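Note sheet for the following structure.
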Amino acid sequence: MFGFGRKKTQPTFKQRVASFWKWYAANADHFLQTINGDRCADLMPEVSEFMDVTLPKLCWAFGPGEEGGHSFTLTGEGDRLRQLLTDYWLQQAPTIKGWTFYASRQPSSAEALKNMSISLGEDAQVDCESLLVKTDVDADKQLIHIVAWHTRFAELPEEHRGKILFLLLDEALGEFGVEKWIGGIEIKPIVPGEFVRPLVSLPDFIEKMNAYHQWEKLEPLDTYSTYQLDEQFHHRRGDVFVGTTCIPNVIGELIEHEGRLPSDPLAQLGAELAYFTFDSAAFPEGAEVKARGEVEDALDEALQTQASGRVLGGAFGTEHAYIDLLLFDGEDSRRIVETTLKPFELRGPRSFETFC
């Protein structure tokens, strides 16, 4: 049907995740006993050794869990593509007594926030209780715009103010909380008033606004952006004029580098960024969007049902249509793609390409 390129010989991401959960289940009691004995630091060498080989480029941490237990967090540190990997990792998690697992950094508790402060080098210390935020609810966009200020900001360079504010917002709202709930952000002096509250109270305020307005917001990893190109080029994917994606930064880099990423963002992880391309005339005129959507849905269902990948979006070009994929299981993922596409009998030339 079409070529898939060179076969990967390294363990696939699916295999790596399976290996992780087998390892963790075998060591969970050992980890619990060590942490309960106030010797969490003793675990760093052995956990780091395993993670550096099995799931490199992903960050991990132990922490508090539910019902007095402990947690293990695996995160891509805000990188959307790597967060898709940690989300998959969490979906495969077994139930292990005493443990809670997270695929992104969670918000700190209100009590922890009250005792939290940040300073950069010898610069002024900024604490959460004294950091004020003025809120402006945008019900239409389901976002909350904020103005933030701390008296010590007056002593700091402008670039340091932003770094400290975003670090503290991450602590208050979690790794994806700022992206999910916060719209515009300004840093300037504010006068205490009705819509001004300390940062420690912001999570509770957002929860109340969400309940009051009954917002039905998608999680960031389920959010897609539309992009449009006014000019076409003579290179890979250069004919694209409109598309949707859940990895806008990667697509932007792909466009900037003429259809081929300069380096593999998933190197050493066993996952693969790829896309299926076919003749744009393969779909009935006037029903192109609907028809491509049916193909995307079929691919997404097949890949996710078999825990082997997911669809990332797609695009239309003047000559070709594209469906972007994140594959977790190497050749097996590719076979799923090929098998799923056969019933659609897409006419015309087609191929399977990688992003790199």
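General observations
- Evaluated with a Cβ-only charge set (Lys, Arg +1; Asp, Glu -1), the stretch 109-161 carries a dipole of roughly 140 debye about its Cα centre, given to the nearest 20.
- In Å², nearest 10: area of TYR24 left accessible to a 1.4 Å probe: 0 Å²
- Residue separation of GLU207 and ILE190 scaled by 0.36 nm, minus their Cα-Cα distance, works out to 3.8 nm of gained length.
- Placed amide H near LEU131: partners under 5 Å, 5+ positions off or other chain: LEU199
- Cα long-axis angle, helix 330-341 against the chain (0 to 90 degrees, to the nearest 10): 60 degrees
- Cα long-axis angle, helix 80-91 against the chain (0 to 90 degrees, to the nearest 10): 90 degrees
- Cross-link partners of LYS97 among lysines (Cα-Cα below 19 Å; sequence separation of 8 or more within a chain): LYS22
- Heavy-atom accessible area for PHE195, with the other protein chains in place and a 1.4 Å probe, reaches approximately 110 Å².
- Working note: Karplus 6.51/-1.76/1.60 with θ = phi - 60° gives the stretch 130-145 the couplings 9, 6, 9, 10, 9, 9, 9, 7, 9, 5, 5, 8, 6, 9, 10, 7 Hz, where Gly and Pro are set to x.
- Whole-number accessible area per residue in Å² for the chain, which is evaluated in the context of all protein chains at 1.4 Å: 52 Å²
- Over the Cα atoms of the stretch 107-251, the radius of gyration divided by the Kirkwood radius equals 1.07; this is the Rg/Rh ratio.
- Sorting ARG260, ARG334 by solvent-accessible area of protein heavy atoms yields ARG260, ARG334, largest first, with a 1.4 Å probe.
- Fraction of accessible area attributable to carbon and sulfur, the stretch 1-114 (%, probe 1.4 Å): 49 percent
- Here the dipole of the chain is about 740 debye; that uses its Cα centre as origin and unit charges on the Cβ of Lys and Arg (positive) and Asp and Glu (negative).
- Check: the stretch 164-254 dipole with +1 on Lys, Arg Cβ and -1 on Asp, Glu Cβ, in debye: 100 debye
- Less than 5 angstrom separates the built amide H of ASP239 from those of PHE233, all sequence-distant by 5 or more or on a different chain.
- Amide hydrogen neighbours beyond the local backbone of TYR102, cut-off 5 Å, H modeled: PHE72, THR73, LEU74
- Excluding same-chain neighbours fewer than eight residues apart, the lysines reachable from LYS342 by a Cα-Cα span under 27 Å are LYS7, LYS8, LYS14, LYS290.
- Residue by residue, the stretch 165-174 carries 3J(HN,Hα) couplings of 4, 5, 4, 6, 5, 4, 5, 6, 10, x Hz when phi is fed to the Karplus relation 6.51 cos²θ - 1.76 cosθ + 1.60 (θ = phi - 60°); x denotes Gly or Pro.
- Those residues of the stretch 297-336 whose amide nitrogen sits under 13 Å from the label point placed on PHE344, 7 Å along Cα→Cβ: 297-303, 311-316, 321-325
- Once C-alpha pairs closer than 8 Å and six or more residues apart are averaged by separation and normalised to the residue number of the stretch 81-159, the relative contact order reads 19 percent.
- A straight Cα-to-Cα reach below 19 Å connects LYS134 with the lysines LYS114, LYS163, LYS180, LYS188, LYS208, residues fewer than 8 places away in its own chain not being considered.
- With 10 Å bins from 0: P(r) over the chain, alpha-carbon pairs, percent: 5, 20, 26, 24, 18, 7, 1
- Computed from Cα positions, the angle between helix 288-305 and the longest principal axis of the chain comes to roughly 70 degrees.
The values are calculated or read from the model by the stated rules, or taken from the named source; none is laboratory data. Everything quoted here is computed from the prediction, not taken from an experiment. Neighbour counts are summed over all protein chains in view; Cβ atoms, including those assigned to glycine, are modelled from backbone coordinates with ideal geometry. For the accessible areas, the whole protein counts, side chains as well, though only heavy atoms, and no ligand, DNA or RNA atoms are used. Shrake-Rupley method; radii C 1.70, N 1.55, O 1.52, S 1.80 Å.
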